[in-house]
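Participant: Here it is, the structure, as structure tokens.
The values are calculated or read from the model by the stated rules, or taken from the named source; none is laboratory data. Just so you know, these numbers come straight off a predicted model, no measurement behind them. Positions of Cβ are backbone-derived with ideal geometry, glycine not excepted, and every protein chain shown enters the neighbour counts. Calculation scope for accessible area: heavy atoms of the full protein, side chains included, ligands and nucleic acids excluded. Shrake-Rupley method; radii C 1.70, N 1.55, O 1.52, S 1.80 Å.
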Amino acid sequence: MSHPRVREARAVLEALGFPRGQINDRSALCLLALLNLTPDKSSWAESEAPLIGITPIMEWVARHDGRRWAPNTRETVRRQTMHQFVDAGLAVSNPDRPDRPTNSPHWVYQIETNAIDLLRTYGTAAWDQMVPAYLAQRETLVARYAQQRTMTQVPVRLSDGQTLELSPGEHSELIKAIVESFAPRFAPGATLVYVGDTGSKWGYLNQAVLDEVGVTIDEHGKMPDVIIFDRARNWLLLAESVTSHGPIDGKRHAELARLFAGSSAGPVYITAFPNRATMARYLPAIAWESEVWVADAPTHLIHFNGARFLGPYTQP
């Protein structure tokens, strides 16, 4: 069983100016899924515009074309087809909730309004007339949606006056609080070294400071969400932002200790929560010899045992 409109969908992508890397069966089937153009529909005029995620797209293809893409194909579909569809203005991300976190399992796509009006004419005389007008306005559409995506970013003000834009979501909001609220209170005058981002692993990196303290980053190692260097006390504060994933537990404590074993600055392990209700869910897992900070009570710090309060421990 194969979908009878794959060849037509490839022709559509070619007519819309997509590069060779997207003029293939994978992208054609993704387009058909975006339109819910099932084999039983008689023409492109019956195209729809459902909200659909990567996994549902793959399931749609298996159901209506018979090709069962392996689970590890998800990133190929996302990076080699859907990203290009969005960049070209053919599809939009999360029109129902533009600030949906980048790593959300509920991330969805939808065919763009002007695009579906055009695609419904495929196979008719109107198609040839409408394509040039659509292509002429596409750059405007792309710019508009890019601006909308930018507006959903989480701005983080750095001490040097720069502004860092993080991907939308609660995780980034808590990272913002660590940088803007925790650091000035508990490490005044310290230097921001690293900020992770769900959209791109390296949201911010001050390589010069890492070199100064003798840390070599293993790109395969899982970095903490925020690293701050307190030069006055020679501390390296390693903070995790916890909204839906675990805190610095015993396993994570050991991972970070290995990752920063070469540091000449003493590591301080900090788990940050947005509120005490979230903290309560993870309380039994929090590692000893670590600190906990809660964003909705920013002037307080919780110390988990040990001889020091907010300070590094020498590894045995």
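Participant: Please say if the stretch 1-124 is rounded, prolate or oblate, where rounded means a/c under 1.5 for a ≥ b ≥ c the square roots of the C-alpha gyration tensor eigenvalues, and otherwise the choice is prolate for a/b larger than b/c and oblate otherwise?
Facilitator: Rounded, because the longest to shortest axis ratio a/c is under 1.5.
Participant: Calculate one ³J(HN,Hα) per residue across the stretch 269-278 by plugging θ = phi - 60° into the Karplus curve 6.51 cos²θ - 1.76 cosθ + 1.60, and present them in order as whole Hz with x for glycine and proline.
Facilitator: Result, ordered by residue: 9, 10, 9, 10, 10, x, 7, 6, 5, 5 Hz.
Participant: Now for a different question. Out of residues 5 or more away from residue 91 or on other chains, whose amide H comes under 5 Å of its own, with H placed 1.01 Å from N in the peptide plane?
Facilitator: Hits under the 5 Å cutoff: 86, 112.
Participant: How much length is gained on full extension from residue 133 to residue 7, taking 0.36 nm per residue of separation minus their Cα-Cα distance?
Facilitator: My answer for the length gained is 43.0 nm.
Participant: While we're looking at this one, here's another question. Within the chain, what whole-number % of the accessible surface is contributed by carbon and sulfur, with the 1.4 Å probe and all protein chains included in the calculation? If you can, show how the numbers build up before the last one.
Facilitator: Values: 7980 of 15530 Å².
After summing per-atom areas, the C and S share lands at 51 percent.
Participant: Gain in length, residue 48 to residue 217, computed as 0.36 nm per residue apart minus the alpha-carbon separation, to one decimal in nm?
Facilitator: 56.1 nm
Participant: Excluding residue 55 itself, calculate the net charge of residues whose Cβ lies under 13 Å from the Cβ of residue 55, where each Lys or Arg counts +1 and each Asp or Glu counts -1.
Facilitator: Summing Lys and Arg as +1 and Asp and Glu as -1 gives +2.
Participant: Using Cα centres only, tell me the gap between the stretch 33-65 and the stretch 255-277 in whole Å.
Facilitator: Spelled out, the Cα-based centre of one part sits 46 Å from the other.
Participant: Give me the percent relative contact order of the stretch 15-137, please, defined on Cα pairs under 8 angstrom at least 6 residues apart.
Facilitator: 29
Participant: Further question on the same structure: Using a probe radius of 1.4 Å on heavy atoms only, what accessible surface per residue do you get for the chain? Whole Å² is fine.
Facilitator: 49
Participant: Let me ask something else. Pick from 23, 228, 178: which is most flexible by mean-square fluctuation in a GNM of the chain where alpha carbon atoms under 10 Å apart are linked?
Facilitator: 23
Participant: Roughly what angle does helix 6-15 make with the longest principal axis of the chain, taking Cα atoms, 0 to 90 degrees, to the nearest 10?
Facilitator: Between the helix axis and the principal axis of the chain, the angle is about 80 degrees.
Participant: Also, I was wondering about something else. Would you mind working out the magnitude of the charge dipole of the chain relative to its Cα centre, with +1 at each Lys and Arg C-beta and -1 at each Asp and Glu C-beta, to the nearest 20 Debye? Mind showing how you got there, number by number?
Facilitator: Values: 31 positive and 34 negative charges, 88 e Å.
My answer is approximately 420 debye.
Participant: Ok, one more. Could you tell me which of 187, 259, 92 has its Cα farthest along the dipole of the chain towards the positive end, charges placed at Cβ (Lys, Arg +1; Asp, Glu -1), taken about the Cα centre?
Facilitator: Ranked along the dipole, the leading option is 259.
Participant: Hand me the tally of lysine pairs in the chain: alpha carbons under 27 angstrom apart, and the pair either on different chains or 8 or more positions apart.
Facilitator: On the way: 176/201; 176/222; 176/251; 201/222; 201/251; 222/251.
For the chain, the number of qualifying lysine pairs is 6.
Participant: Can you give me the solvent accessible area of residue 249 with a 1.4 Å probe, rounded to the nearest 10 Å²?
Facilitator: Around 50 Å² of this residue is reachable by solvent.
Participant: How much length is gained if the chain between residue 300 and residue 73 is pulled fully straight, taking 0.36 nm per residue apart and subtracting their Cα-Cα distance, in nm to one decimal? Before the final figure, lay out the partial values.
Facilitator: On the way: separation 227, 0.36 × 227 = 81.72 nm, distance 4.55 nm.
Computed gain between residue 300 and residue 73 is 77.2 nm.
Participant: On to the next question. Testing the spin-label approximation: label points 7 Å from Cα along Cα→Cβ at residue 245 and residue 55. State their distance in nm.
Facilitator: So the two model labels end up 1.7 nm from each other.
Participant: Also: At 1.4 Å probe size, what's the solvent-accessible area of residue 64? Round to the nearest 10 Å².
Facilitator: Spelled out: residue 64, probe radius 1.4 Å, area about 40 Å².
Participant: Right, next: Pick from 15, 265, 177: which residue has the top mean-square fluctuation in a GNM of the chain where Cα pairs under 10 Å get a spring?
Facilitator: 15
Participant: What's the angle, to the nearest 10 degrees (0 to 90), between helix 25-34's Cα axis and the longest principal axis of the chain?
Facilitator: Approximately 90 degrees, to the nearest ten.
Participant: What figure, in Å² to the nearest 10, do you get for the accessible area of residue 51 with a 1.4 Å probe and non-protein molecules left out?
Facilitator: 90
Participant: Under a crude label model (7 Å from the Cα following the beta-carbon direction), how far is residue 281 from residue 62 in nanometres?
Facilitator: 2.8
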